[in-house]
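Have a look at the structure below before the remarks.
Rule-based calculations on the coordinates, nothing more; no lab input. Source: prediction; values computed, not measured. Cβ placement follows ideal geometry from the backbone for every residue including glycine, while neighbour counts extend to all protein chains displayed.
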Amino acid sequence: MNNRHRHSIVLIAALACLLLASCTSKKKLVSPMAHAANYEWMTAKMQVSIENETVSDPNASVVDLTGAIRMKRDSTIWISASALMGIETVRACITPDSVVVLNRFEKTYLAEPLQEVAERLNLPMTLKESQSLLLGNGSSDHVELHYGPYRAKIRYSDIQWDEPTTFPMTINKNYERMKL
């Protein structure tokens, strides 16, 4: 598998994990943010580990990312993820009606209606369900999500509540549009 194909698979897996709805019984939802029932804004740093449970080599099956997440309740989820040496590789913005994902590594972007992405990934979901899922409902220090053979574990730090922020999403003219 070439690097470009592997990065595309990782991008789709990360997107799917981030968009999971609460309709599968395999998901374990725990988070240090369960008390945040009445937030308007949330900002946090995150560490994400995505594992493909069907790959036999443990070293080849895990992708580790760091990044940031920002949310405005019932309005927007903004995610920035970095791989090696802190270089941003993926930036995503999810609104009630759309999903935009920038793959900075491959200079591609995805811009689709949220409902269409949900249907293609077979994930019945809304923005509100995605925000609830990312916040979790337990007392642990992480949120764990499952999608097919992929498992994502998200750990949050430096959590800030109710401080308004921005969601910069600029698509460079050199980026190529991709479809799911």
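A few notes on this one:
- Label-point separation in nm, Arg120 to Ser157, each point 7 Å along Cα→Cβ: 3.4
- Most to least packed among 160-171, 68-79 [average Cβ atoms within 10 Å]: 68-79, 160-171
- Listed by chain and number, the aspartates and glutamates whose C-alpha is less than 17 Å from the C-alpha of Lys173, apart from same-chain residues fewer than 8 away, are Glu106.
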